[in-house]
1. Tell me, in nm to one decimal, what length is gained between Val49 and Thr30 on full extension, where the rule is 0.36 nm per residue of separation less the Cα-Cα distance?
2. Take Asn42 and Ser56, extend 7 Å from each Cα along the Cα→Cβ direction, and tell me the distance between the two endpoints in nm.
3. Among Ser46, Met129, Gly3, which residue has its Cα furthest toward the positive end of the charge dipole of the chain, with +1 on Lys/Arg Cβ and -1 on Asp/Glu Cβ?
4. Once both labels are modelled 7 Å past Cα along the beta-carbon direction, what's the Glu155-Ala21 spacing in nm?
5. Charges at C-beta only: +1 for Lys and Arg, -1 for Asp and Glu. How large is the resulting dipole of the stretch 3-61 about its Cα centre, in Debye rounded to 20?
6. Just subtract the alpha-carbon distance of Ala65 and Val105 from 0.36 nm times their residue separation and send over the number in nm, one decimal.
7. What length, rounded to one decimal in nm, is gained on full extension from Gln84 through to Glu115, with 0.36 nm per residue of separation minus their alpha-carbon distance?
8. By counting other Cβ atoms within 10 Å of each Cβ, how are Thr30, Thr7 ranked from fewest to most?
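Read the figures in this text as sums done on the coordinates, not as results from a lab. Note that the structure is a prediction, hence the values are computed from the model and not measured. Cβ placement follows ideal geometry from the backbone for every residue including glycine, while neighbour counts extend to all protein chains displayed.
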Amino acid sequence: MKGLVFTELLAMAENAIGEDAVDDMLDRLTLASDGAYSAVGNYPCSELVQIVGAVSDHTGLSGEALQKMFGAWMFDRFVQGYPQFFDGKSNALEMLDAIENEVHVEVRKLYPDAELPRFDTEWLTGDKMRMTYRSERPLVAFCHGLIEACVAHFEQDGTVFKLPDATANKAAFEISLTAA
Ligand code: HEM
């Protein structure tokens with residue numbers, strides 16, 4: 001998993017609980033990286049899960065809630081860092097439909113070692129889509145946060161519903177937009 005993901009997770013945590021609390025938390029964890037992440041390095045996803053667990057212990061927020069918050073945080077970073085991917089997309093469903101075959105394709109060119117999920121999308125109607133996430137990493141809630149942030153970004157009312165048969169590594173989301 002790219003170091004960028006870790007530096008952003010720690011930035012979010014510092015924003016929420018302060019730098020000293022994050023430093024203490026990292027000192028208490030046994031991390032192969034020692035908690036020193038470079039944006040261009042690669043680190044095991046298990047360290048991300050450990051850090052989320054420690055922030056959860058500190059704040060009382062569930063790991064799921066924190067992963068969702070982190071999804072929203074990363075989405076803002078993507079909008080700022082890669083505005084070109086959002087150009088020409090008229091709504092959240094078009095954007096989400098482009099992640100697998102456009103956005104993450106470009107990410108793979110930029111970072112050949114990126115560890116990305118797989119998405120299948122199916123249009124159920126003109127304003128409703130099912131997006132199925134599959135990954136070797138247990139980041140369903142992170143993905144949920146990204147999808148919700150994507151809907152909010154396009155400023156059109158909509159709902160994101162996670163189907164109940166989700167597992168740690170696979171989930172289907174139904175995203176519906178309501179007429180503006
Ligand atoms: C709302 C749209 C998006 C969704 C739902 C999405 C989903 C995800 C998820 C769930 C992951 C974690 C890896 C995994 O679960 O296996 C991921 C990783 C990543 N995504 Fe996306 N993504 C979105 C938009 C973007 C955009 C716009 C960019 C822009 C560059 C981007 C770049 C990346 C990068 C760099 C990683 C990390 C890869 C690694 O750690 O090796 N994504 N994405």
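1. Stretched fully, the Val49-Thr30 segment lengthens by 5.6 nm.
2. With each label placed 7 Å out from Cα toward Cβ, I get 2.7 nm.
3. Met129
4. Calculated label separation equals 3.3 nm.
5. Its charge dipole is roughly 240 debye.
6. That pair, Ala65 and Val105, stretches by 11.6 nm at full extension.
7. Numbers: separation 31, 0.36 × 31 = 11.16 nm, distance 2.14 nm.
Using 0.36 nm per residue and subtracting the Cα-Cα distance, I get 9.0 nm.
8. Going from least to most buried by this count: Thr30, Thr7.
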